[in-house]
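Here's the structure we're looking at; comments come further down.
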Amino acid sequence: MPEQSSAGRFEEVALPHLHGAYNLARWLVRNDQDADAQMVRAALAELPLEFREVMVMRELEELSYKEIAAIADLPIGTVMSRLARGRKRLHSLLVSRMGVETKGMS
């Protein structure tokens, strides 16, 4: 049986759980208004795969850094770095799409 690519594994494991992106968007923009799930999916889709992969596993699947590192075959430090950069990029995308100004997360 051929090995599944990283992207294929991500799509199989993570994409079915993107409905949880709604709460992630509200948390990221610290906004009490409802976030549009379509907008969040589009913003997540714009993230490079390496950021999207760890974001979904951590924020939506609530996996530990150690679990993410094992699944993605990455050092924990790389997981932490990708999460930080992915959160910042996703935040910027959502803020620009929502037209919301936030404090302290730039």
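The values are calculated or read from the model by the stated rules, or taken from the named source; none is laboratory data. Model, not experiment: these values are computed from the prediction. All Cβ positions, even for glycine, are placed from backbone atoms using ideal geometry, and neighbour counts span all protein chains on display.
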Notebook entry, point to check: Among the residues of the range 73-92 satisfying the criterion of being of a type in the set (A, V, I, L, M, F, W, C) and crowded, with 19+ Cβ neighbours inside 10 Å, which is farthest from Glu50 (Cα to Cα)?
Noted result: Leu90
Check: Quick one: which helices (runs of 4 or more DSSP H) sit completely within the range 2-95 and have at least 1 residues that are among the charged types (D, E, K, R) and either at pLDDT below 90 or in contact with a Pro (Cβ under 9 Å, 6 or more places away or on another chain) (or both)?
Finding: 6-13, 21-29, 37-46
